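The values are calculated or read from the model by the stated rules, or taken from the named source; none is laboratory data. No experiment lies behind these values; they were computed from the predicted model shown. Every residue, glycine among them, receives a Cβ derived from its backbone with ideal geometry; neighbour counts consider all protein chains shown.
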Amino acid sequence: MKAIRVCEKSAVLATLALVLLAACGGGSGGSNPVAQTPRSSEWLISRAQLLEGGPGQDGIPAIENPNFESAQTIATVAPQERLAVLLDGDQVKAYPLDVLDYHEIVNDGPSNAPFTLSYCPLTGSSVAWEGKAGDGDPTYGVSGLLYNSNLILYDRQTDTFWSQLLELGVNGPRIREQPESKRMFETTLETLRLMFPNAMVMTRDTGHVRPYGDYPYGSYKTDDNFLFPITNQDNRLHPKQRVIGIHRRPDVKTYQLDAFGNTTQAINDQFADQSIVVIGNSALNFAAIYSRQLADGTILNFTAIQSDLPNVLLDDEGNVWDIFGRAVSGLRAGEQLSPTRSYVAMWFAFAAHFDQVEIHFN
């Protein structure tokens, strides 16, 4: 496999490029079967499809205790750079994906409400999981393994392996456990400033020397090639097309991010036995999926709100909801829509991980 040079300024950075070539837990090769000792003999995924590489466990270092700067003043993030955005209490925090290209995991949050954000550059997928405050160490690290080109995490409390895209413990003491999803969406810095001018953005002050901003995989985001083998390729869409999908194994339903249009669109939909609302805007680069069923059993129907960011949804009771699924006005002010198991990823990743993949805009 051809190594990709990400920087020509020094031999140190060239070496880093080789180490990071197989980020998402991989290494310098593209087909090395996993050889390290498993946590247990039982796996929920095929061991034959697990790959390992040079860096090994924690060879790609997670970010611990990240530093932040105001979204209004940060100068190291381009306006169109993609960010993973979530809530830490009442504070909106954003994590530049060009930094996570080199770290893949951020452990953040206070001791009583820890959370982990992970990003896999090879599948273009970011998810956020709530931690367990009672755990001695609720953080996660990069395991050094790949499954279908996607990151396998391990938790430092029990040493369990976790599939990022399946959101599932696949080997170890917490096998079959699903982490609690934290509401999150992706957008650009430009849109974040419109939505949440007081948001804080993670800086490049990570404690590590990396060529942040230099994408380490050349044309990978747009070409039709893979750095690692996958089990199934579905050619209904370009393999690297960005979609948001909601999953319940073995099923997934996807919505192409470039198909929502230049105004905000709300889709009242059904997935499995869930009533969901999908909200998205192609021009502003955001999308999210929430449950339409409230705790009292009410199922709401939504229309999109235009030009009132971060408010994006109006329901048939007259309540207004923001991009995080929070009711900001109306009789239900203060309530929240339940998050779903959904995230943005490259199309091929959904097709490789799930057996039955439905495309909405088709």
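Where the second residue is of a type in the set (F, W, Y) and not in a strand (DSSP E or B) and the first is within 14 Å of A287 (Cβ to Cβ) and lies in the stretch 183-201, which pairs have Cβ atoms under 7 Å and are six or more apart or on separate chains?
R183/F324
Among the numbered conditions (1) on the phi > 0 side of the Ramachandran plot; (2) in contact with a strand residue (DSSP E or B) (Cβ under 7 Å, 6 or more places away or on another chain); (3) modelled with pLDDT of 95 or more, tell me where A272 comes up short.
Of everything listed in (1) on the phi > 0 side of the Ramachandran plot; (2) in contact with a strand residue (DSSP E or B) (Cβ under 7 Å, 6 or more places away or on another chain); (3) modelled with pLDDT of 95 or more, A272 misses just condition (3).
Among what's in the stretch 75-101 and is of a type in the set (A, V, I, L, M, F, W, C) and touching a strand residue (DSSP E or B) at 6+ places or on another chain (Cβ under 6 Å), pick the residue that is surrounded by the fewest Cβ atoms within 10 Å (Cβ to Cβ).
Looking at residues that are of a type in the set (A, V, I, L, M, F, W, C) and touching a strand residue (DSSP E or B) at 6+ places or on another chain (Cβ under 6 Å), I get L97.
Could you grab me the full set of residues in the stretch 154-170 that are in a loop (DSSP other than H, G, I, E, B) and within 13 Å of the chain's Cα centre (by Cα)?
Selection gives Q164, L165, L166, E167.
Of all residues being surrounded by fewer than 24 Cβ atoms within 10 Å (Cβ to Cβ) and not polar (S, T, N, Q) in the stretch 155-169, which is nearest to S40 (Cα to Cα)? Just the residue, please.
D159
For every residue, the table says whether it meets (1) assigned to a loop (DSSP other than H, G, I, E, B); (2) under 18 Å from the mean Cα position of the chain (by Cα); (3) surrounded by 16 or more Cβ atoms within 10 Å (Cβ to Cβ).
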{"position": "G134", "(1), (2), (3)": "yes, no, no"}
{"position": "P138", "(1), (2), (3)": "yes, no, yes"}
{"position": "V142", "(1), (2), (3)": "no, yes, yes"}
{"position": "I152", "(1), (2), (3)": "no, yes, yes"}
{"position": "L194", "(1), (2), (3)": "no, no, no"}
{"position": "P197", "(1), (2), (3)": "yes, no, no"}
{"position": "Y212", "(1), (2), (3)": "yes, no, yes"}
{"position": "N225", "(1), (2), (3)": "yes, no, no"}
{"position": "P229", "(1), (2), (3)": "yes, no, no"}
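For the stretch 310-326, give me the residue count where each residue is not in a strand (DSSP E or B) and not polar (S, T, N, Q).
7
Select from the stretch 205-216 the residues that are touching a helix residue (DSSP H, G or I) at 6+ places or on another chain (Cβ under 9 Å) and of a type outside the set (G, A, S) and list them in ascending order.
Across the stretch 205-216, the qualifying residues are T206, V209, R210, P211, Y212, D214, Y215, P216.
Mind telling me which of the residues P66, P121 ends up being in contact with a Cys (Cβ under 8 Å, 6 or more places away or on another chain) and modelled with pLDDT of 95 or more?
P121
Taking the options S307, S275, name whichever one is hydroxyl-bearing (S, T, Y) and not in a loop (DSSP other than H, G, I, E, B).
Of S307, S275, the one residue that is hydroxyl-bearing (S, T, Y) and not in a loop (DSSP other than H, G, I, E, B) is S275.
Look through the stretch 295-335, keep the residues that are of a type in the set (A, V, I, L, M) and in contact with an Asp or Glu (Cβ under 7 Å, 6 or more places away or on another chain), and return whichever of them is surrounded by the most Cβ atoms within 10 Å (Cβ to Cβ).
Once the filter is applied, the top-ranked residue is V312.
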